[in-house]
Amino acid sequence: MSTQEITVQRTNESQSKFVSKDDELLATLGYKAELKRNFSVIEVFGVAFSIMSLVPSIASTLSMSMVAGPVGMTWGWLLPSLCILTVGASMAEMGSAMPTSGGLYWWTYKFSPKSIRKPLSFLAGYSNTLGLIGGLCSIDYGFASIILSCANIGSNGTFIPSKFHTYGVFVGCVISHGIAGSLATKYISKLQTFCIVANMVVIVITCIGLPLYKGTENLNSGTFVFGELDNLTEWPKGWTFISAWLSAIWTIGAFDSCVHMAEEATNAAIAVPFGILSSISMCGFLGFVLLTIVAATMNTDIAATLSTTTGQPLAQVYYDVMGRNWALGIMAVLGVLQWFMGLSILIAGSRQVWAFSRDDALPFSTLLKVVNYKLGVPIRAIWFMVIISIIIGLLTIIDSAATLALFSLAAASNSLAWLLPIFARSFFNVDTFEPGPFYMGSFVSRAVGIFASFYLMFVIFVLTMMPSEGPNPTPQNMNYTCVINGFIWVGCMVYYFLFARKWFDGPKQTFDEIDTIEGNDPNGSHAVEYLPEKE
């Protein structure tokens, strides 16, 4: 299917309706507008920034980087942030030129060779859907951990939460997100401004409060902060440092949410790349600053901080430096922000589920692609994510290794979904790209895309698959990401070649003809009549 194979014919203006230039651009991709464009440029950025939510995310993943000591926390954040920026830049170019909610699998189809573009597009869509569901699971598990750490602090350590407590809070959180996500987007969009401000306030409180309470004379030395490489695993020090990158990779891993919000964004060709690049840049820089301050103020006995009874090393840092009341108050606020993180990724992920169902790729697509036009929300796609997340969340009851797989699941699955279109565009169809407002130029664009491709391969096939504690894993500390993702990826391809290839032809055209007539809309839009699909 060519993205330009759309027949344009003129009809009577009285039969047409005004749509924006965003919808005209969407029409060139083969889709009619079905969602309401209630998200401004800043609010699209807010979705990604809210999902990344620095302090809550660092609270959930600090143990991943702390095993390498302060160097793992500081340089182990900055270096992957720069690598992630190259991925975001490549994605921003495609999002600027072709803004659609199913962008990743759509772009994979467009740039891949004809002989393999259907299965690759199918794989990209399934991997992205799985990654977003894994992201919701890991975020809401982090919410449960934060809430229960507050209970531990509030009880002076007498309450020790069990894995069943954690799963119960997790389920309640996921269901609450489903209820809130079913509201009209005009309300959800306004929450993004609150999330931006609230996250910045918590960052400022942390960056000022920790050194203020610690006292400048008691701060850890610069040599400790930037030069102390510890190893609390059985791996060599070098690999322990590399594995510390997972904290940043998981935290700064929601920028594709801007792509999934493309069909609800005003000025999408600008909003999508702006949201991607600004969220990565801000989180990369602010995260480095914040972790530097945490490393400068924390207890130098890192093993003691990691083994805290709160279950949250960052909560222990707040407790050690600022005292019980501050620790309890800040962690409670982080719990609220973590809840909004989950809501935002549910919103973005449900749009991927809806878009993929619109192209008849998922089971029950006929049901899942239905939009509630009164609210402008794909409610069935939202509750599909809720149900699948609750089922996958049962992994948290098994053991800590299975729980950790939720975090790696999100990183590995999304990374593959990002890799496929970037690799295809960089290596297969270099000269067929028609840029949008954001474009780095032919040479730089391809160089960045090639680097991003090899970086993502390393993340997918090495970093997220390795056991976290050492080269001799036991059933208790095994990294089950390779098992879970391998099963999903292989199962996806088996499903495609046995069944789905009979009906999945790649991204579909949701209308056969559009009528474009110059109108008098004050926003400079055109009048477009969407005619029904042919049988």
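By the gyration tensor of its Cα atoms, with a ≥ b ≥ c the square roots of the eigenvalues, what is the shape of segment 406-471: rounded for a/c under 1.5, prolate for a/b over b/c, or oblate? In terms of gyration-tensor shape, prolate.
For the chain, what is the percent of antiparallel DSSP beta bridges, rounded to the nearest 5? Write down the numbers at each step before the final one.
Details: 9 of 12 bridges.
Antiparallel bridges make up about 75 percent of those DSSP assigns within the chain.
Placing unit charges on each Cβ (+1 for Lys and Arg, -1 for Asp and Glu) gives the chain a dipole about its Cα centre, and among 506, 417, 176 the Cα reaching farthest toward its positive end belongs to 176. Residues whose amide H falls under 5 Å from that of residue 377, counting only those 5 or more places apart or on a different chain, are 372, with hydrogens built in the peptide plane.
Seen against the Cα atoms of the chain and their longest principal axis, helix 54-66 is set at about 60 degrees. Within the chain, which is the longest segment that contains none of the chymotrypsin sites (Phe, Trp or Tyr not before Pro) sitting in a DSSP loop with at most 16 other Cβ atoms within 10 Å? That would be 160-363. Around the amide H of residue 506, modelled in the peptide plane, lies no amide H under 5 Å away from a residue 5 or more places distant or on another chain.
Using θ = phi - 60° in the Karplus curve 6.51 cos²θ - 1.76 cosθ + 1.60, the 3J(HN,Hα) couplings for segment 281-297 round to 5, 5, 5, x, 5, 5, x, 5, 4, 5, 5, 4, 5, 4, 5, 6, 10 Hz; x is entered for Gly and Pro. Here the Karplus curve 6.51 cos²θ - 1.76 cosθ + 1.60, taken at θ = phi - 60°, turns the phi angles of segment 247-263 into couplings of 4, 5, 4, 6, 5, 8, x, 10, 5, 5, 4, 4, 5, 5, 8, 4, 7 Hz, with x standing for Gly and Pro. One equal scatterer on each Cα of the chain, no solvent, Debye formula: the resulting log10 I(q)/I(0) at q = 0.13 Å⁻¹ is -1.26. Using θ = phi - 60° in the Karplus curve 6.51 cos²θ - 1.76 cosθ + 1.60, the 3J(HN,Hα) couplings for segment 194-208 round to 4, 5, 4, 5, 4, 5, 5, 4, 5, 4, 5, 4, 5, 5, 8 Hz; x is entered for Gly and Pro. The per residue volume of the convex hull around the alpha-carbon atoms of segment 192-327 is 141 Å³.
Toward the positive end of the charge dipole of the chain, with +1 on the Cβ of Lys and Arg and -1 on the Cβ of Asp and Glu, the farthest Cα among 404, 200, 68 is that of 404. An oblate overall shape is assigned to segment 398-516, the ratio a/c of its alpha-carbon gyration tensor axes (a ≥ b ≥ c) being 1.5 or greater and a/b not exceeding b/c.
Every number in this text was worked out from the coordinates using simple rules, so none of it is lab data. What you see is a predicted model; the values in this text were computed from it and never measured. Methodologically, a virtual Cβ is constructed for each residue, glycine included, from the backbone with ideal geometry; neighbour enumeration extends over all protein chains shown.
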